[in-house]
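See structure below.
The values are calculated or read from the model by the stated rules, or taken from the named source; none is laboratory data. Keep in mind it's a predicted model, so treat the numbers as computed, not measured. Note that each Cβ is placed from the backbone with ideal geometry, even for glycine, and that neighbours are counted across all protein chains shown.
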Amino acid sequence: MYDVSRESVSFKIQKGNPCTVRFKSPFQSGFPEVDAARALFFEEKTARRAVVFVHGLARTGISQQVFYPRELSLHGIAALMPILPFHEDRISYEHEYAGKFLNGPPEVMEKKFYQAVTDVLTCVDFLQKAGYGRVDIMGISSGGMISSIAMALDERIRRGVLVITGGNLEIIAWKSVLTKSYRTWKRSEHHRMLERSLRIRREFDECARSFASLRELAHYRSFFRYDPSLFAKMVHRERVLMFTALVDPFIPRAASDDLWCRFGKPRRYFLPSGHLTTHILFKRFILRKSLVFFLRD
C-alpha cells in the first residue's frame, strides 16, 4: 500500500528551465510508461525551504498550474512538481484503465492513489537529500486529496495548502458532475441508491473515527483507503490552509466542508468562483496567502 520501500530510488537531474528530476516510481503499476516518473524542479539556489506542488487533473490544467511552483521559486522557495501517474506522458494504451487517472473501479483507483502518494513522498525524499531543511506541500483539486494523505503519512511535511479540494468520496460520487456518467440508475431506483449512499457514509464516518494506523486499511472498503477525509485527523489544523470555491460542480461544497471539518476546521478562504475559474480569477490571491502561510516561521 502506502508503505512501499523507497530506499533504493535513484534520481537523475536534467538541466533546464525548470530542471527535470527523473526516477523510477517505487510503486509499480506494471506499465513502463507510467512507472517512469519525472518532476519539474523550480530550483532556488539560496532557498533553505521547498514545496512539493501537486497538480490537479488534465493536460491543460497542468500547464496552467505551473504558475504556482514557478512563482514560489521567484519568492525564495524551491518547488518540485511531480507529473503524477496517468497524466501527460505517464500513460499507457495497453489497458482500458491506464490512460486516465480518474478511470476505473475502486480496486484500480486505490492503486493509482497509492502510486501518486508514493511518488509525492519520493519527491520529499529528493528535497531532503538536496539539503532543504523545511519541506511543505501544496495541492490543487485531486492533487489536494493526494497532498492530504501525504501529510498524514509523513511528518517531514510541515504545512500544506489545499486548493479547491475535498474528501468523503461517497459525497463526490453522488453529487459531482465528474461522476455523473457513473450514476446510471433509473429514476425509480433513485431512492434506493440514495439510501445505499447514506449507509456507506455512515460506515465511512465510523471508520474515520476509529482509524489509527495503516494496518487497519486492509479491513476497509477499497474506496475508503484513498479517501483524504479518512486521514485528515492525523494532521493538526495549524498545519493546513484551505481554499474553497463557492460554485464548484466538481468538488461539491459538502465534500470540501467534510475534509475541512475532519482537519479540525483550519483557516479557510472562500473564493467567489467555480472550480476552473479559480486559477483565472484568484491565482495571485492564492499565491499571496500561501506565501504568508509558508513563510510564517
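Confirm whether Met81 is part of a helix (DSSP H, G or I) and of a type outside the set (Val, Ile, Thr). For Met81, the condition - part of a helix (DSSP H, G or I) and of a type outside the set (Val, Ile, Thr) - is not met. Is it the case that region 271-289 has a residue that's out of contact with any Ser or Thr (no Cβ under 9 Å at 6 or more places or on another chain), at pLDDT 95 or above, surrounded by 14 or more Cβ atoms within 10 Å (Cβ to Cβ) and closer than 20 Å to Phe231 by Cβ? Checked region 271-289: no residue is out of contact with any Ser or Thr (no Cβ under 9 Å at 6 or more places or on another chain), at pLDDT 95 or above, surrounded by 14 or more Cβ atoms within 10 Å (Cβ to Cβ) and closer than 20 Å to Phe231 by Cβ. Candidates in region 1-42 are the residues that are at pLDDT below 95 and aromatic (Phe, Trp, Tyr); of these, the one that is farthest from Tyr226 (Cα to Cα) is Phe31. Taken together, the criteria exclude Glu195 from residues that are outside any loop (DSSP other than H, G, I, E, B), loosely packed, with under 11 Cβ neighbours inside 10 Å and at pLDDT 90 or above.
So that you can scan it fast, the table gives a plain yes or no per residue for (1) under 16 Å from Ser142 (Cα atoms); (2) touching a residue at least 24 places away in the same chain (Cβ under 8 Å); (3) in a helix (DSSP H, G or I):
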residue	(1), (2), (3)
Cys207	no, no, yes
Arg215	no, no, yes
Tyr226	yes, yes, no
Lys233	no, yes, yes
Ala255	yes, yes, yes
Tyr269	no, yes, no
His275	yes, yes, no
His279	yes, yes, yes
Phe285	no, no, yes
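So is Ala47 surrounded by 15 or more Cβ atoms within 10 Å (Cβ to Cβ), more than 13 Å from Pro82 (Cα to Cα) and touching a residue at least 60 places away in the same chain (Cβ under 8 Å) or not? Here the answer is yes, as Ala47 does meet what is asked. So, in region 71-121, how many residues would count as being surrounded by fewer than 17 Cβ atoms within 10 Å (Cβ to Cβ) and closer than 21 Å to Gly131 by Cα? Residues flagged as surrounded by fewer than 17 Cβ atoms within 10 Å (Cβ to Cβ) and closer than 21 Å to Gly131 by Cα within region 71-121 amount to 3.
Has region 189-212 got any residue that is more than 27 Å from Ala50 (Cβ to Cβ) and touching a His at 6+ places or on another chain (Cβ under 6 Å)?
To start, the set of residues in region 189-212 that are more than 27 Å from Ala50 (Cβ to Cβ) comprises 189-212.
Imposing the further condition that a residue be touching a His at 6+ places or on another chain (Cβ under 6 Å) reduces the set to none.
Looking through region 189-212, none of the residues is more than 27 Å from Ala50 (Cβ to Cβ) and touching a His at 6+ places or on another chain (Cβ under 6 Å).
With region 1-69 as the region, which strands (runs of 3 or more DSSP E) entirely inside it contain at least 1 residues that are within 19 Å of the chain's Cα centre (by Cα)?
Working: elements: 12-14, 19-24, 36-42, 49-54.
Output list reads 36-42, 49-54.
Candidates are the residues of region 91-117 that are among the aliphatic types (A, V, I, L, M) and closer than 20 Å to Pro32 by Cβ; the one that is modelled with the highest pLDDT is Ala116.
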